[in-house]
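Structure, as structure tokens:
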Amino acid sequence: MKNFINLKDIPAKDLKKILNEAKRRKVKRKKLAALEVDKDAPLKGKMLVQMFEKSSLRTRLSFYVAIRQLGGGALTLRPDELHLSKGGESIADTAKILSTFGNAFMLRTDNDQKLDNFKKYMTIPIINGLSPSSHPTQVLSDVFTIEEIKKKPISKLQICWIGDGNNNVINSLIEASVKFSFKLSIGCPKKYQPNKKLLNWSKKNKAQIKIFNDSEKAATDSDVIFTDKVVSMNDKVNKSKKIKDFKNFKVDSKVMRSAKKDSIFLHCLPRGSEVSDDVFLGKQSKVWQQALNRIYVQKSILLYSFGKLR
């Protein structure tokens, strides 16, 4: 049994094994329909319990399809239907029931402490489907997509992030930059720089990170440009003010021209005003391939958590 909560806590060799298994299984599914089961059905009879405290489209769909393709099933819970929120049942007791009925638990939460508390009491693996400080399943899938498109290890590429320097996606991207040894440039306003504690951790682990307060400088000679919604689900801020703060950090054609000619654009979705339509809908945009690949990487994450990864 292995939890999947933060990329920084998982050995690099295991993360690479997860990606290799995802590549192998994607190739083998070329002629199969979405809910046809993989021939080896490695998780036959297993049940994934999912709980969403925050809105979800891609994570919800991809985990559902992933467990079904592996031969198992999924049950999705809404927190407002449980005694945990309505009847005051403790996390400890809830975790015990989940561990009794299910074989793995995927939680998308609005509280990092809640994730830690569930981890403390679960006797089945727990997977972080998104928390305020981390989005590991998204970023690992993004690494998969980049290597698939570029046909080379991400360690040989220059990755750029433009936008809020302190949200869950960039946090996991910083962790990934250490685990996969790639160069990462971050373009963000001075008031929205990355988490200092995380940056210190990355420096101690020989990260190759540069921070710019100019989007075009950050994008210069990059192979991949990432961005995310300026106002994310976790933000409890003055939205109009924050959007104004990021007016010079929109990914448009000018920013993309600063990157390499064959650079690609990625966005974890949903999108907002942080990217222009011509970039988002243009030839360099790979957002739909990026979204679909969540299924294949999620499958490997499940196998890793169940102890069935090759």
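The values are calculated or read from the model by the stated rules, or taken from the named source; none is laboratory data. Quick caveat: nothing in here was measured; it's all calculated off a predicted structure. Positions of Cβ are generated from backbone atoms using ideal geometry, with glycine treated the same way; all protein chains shown enter the neighbour counts. To get the accessible areas, we keep the full protein, side chains included, count just its heavy atoms, and leave off ligands, DNA and RNA. Shrake-Rupley method; radii C 1.70, N 1.55, O 1.52, S 1.80 Å.
Looking at R294, R271, can you tell me which residue is under 30 Å from L35 (Cβ atoms), out of contact with any strand residue (DSSP E or B) (no Cβ under 7 Å at 6 or more places or on another chain), surrounded by 14 or more Cβ atoms within 10 Å (Cβ to Cβ) and without any contact (Cβ under 8 Å) to a residue 60 or more places away in the chain? So the residue among R294, R271 that is under 30 Å from L35 (Cβ atoms), out of contact with any strand residue (DSSP E or B) (no Cβ under 7 Å at 6 or more places or on another chain), surrounded by 14 or more Cβ atoms within 10 Å (Cβ to Cβ) and without any contact (Cβ under 8 Å) to a residue 60 or more places away in the chain is R271. Taken residue by residue, the stretch 82-105 has at least one member that is touching a strand residue (DSSP E or B) at 6+ places or on another chain (Cβ under 7 Å) and closer than 15 Å to L303 by Cβ.
Only one of the numbered conditions (1) over 22 Å from S305 (Cα atoms); (2) of a type in the set (D, E, K, R); (3) surrounded by fewer than 23 Cβ atoms within 10 Å (Cβ to Cβ); (4) in contact (Cβ under 8 Å) with a residue 40 or more places away in the chain is not met by D164, and that is (3).
Can you spot a residue in the stretch 164-171 that is outside any helix (DSSP H, G or I), charged (D, E, K, R) and touching a Phe, Trp or Tyr at 6+ places or on another chain (Cβ under 7 Å)? Yes, the conditions are met somewhere in the stretch 164-171.
In the stretch 172-193, which residues are within 19 Å of N213 (Cβ to Cβ), of a type in the set (S, T, N, Q) and in a loop (DSSP other than H, G, I, E, B)? Residue satisfying the conditions is Q193 alone. If you go through the stretch 199-214 and pick out every residue that is under 15 Å from D9 (Cα atoms) and either touching a residue at least 40 places away in the same chain (Cβ under 8 Å) or open to solvent by 100 Å² or more (accessible area, probe 1.4 Å) (or both), you end up with 2. Restricting attention to the stretch 62-82, the residues that are in a helix (DSSP H, G or I) and open to solvent by 20 Å² or more (accessible area, probe 1.4 Å) total 6. From the list F52, F118, F101, the lone residue that is aromatic (F, W, Y), within 19 Å of M1 (Cα to Cα) and surrounded by 16 or more Cβ atoms within 10 Å (Cβ to Cβ) is F118.
Count of the stretch 277-291 residues, restricted to those that are more than 14 Å from D142 (Cβ to Cβ) and surrounded by 23 or more Cβ atoms within 10 Å (Cβ to Cβ), is 0. The single residue among K203, K217 that is in contact with a strand residue (DSSP E or B) (Cβ under 9 Å, 6 or more places away or on another chain), of a type in the set (D, E, K, R) and closer than 27 Å to K242 by Cα turns out to be K217. Among the residues of the stretch 280-310, those identified as in a loop (DSSP other than H, G, I, E, B), of a type in the set (K, R) and closer than 15 Å to N20 by Cβ are K308, R310. Give the number of residues within the stretch 102-154 that are assigned to a helix (DSSP H, G or I) and of a type in the set (K, R). Summing the residues that are assigned to a helix (DSSP H, G or I) and of a type in the set (K, R) in the stretch 102-154 gives 4.
F226 meets each of the listed conditions (1) assigned to a strand (DSSP E or B); (2) surrounded by fewer than 16 Cβ atoms within 10 Å (Cβ to Cβ); (3) not aliphatic (A, V, I, L, M) apart from (2). Among the residues of the stretch 39-50, those identified as in a loop (DSSP other than H, G, I, E, B) and without any contact (Cβ under 8 Å) to a residue 60 or more places away in the chain are K39, D40, A41, K44, G45. Name the residues in the stretch 244-267 that are surrounded by 22 or more Cβ atoms within 10 Å (Cβ to Cβ) and either at pLDDT below 95 or closer than 16 Å to I149 by Cβ (or both), would you? Within the stretch 244-267, M256, A259, I264, F265, L266, H267 qualify.
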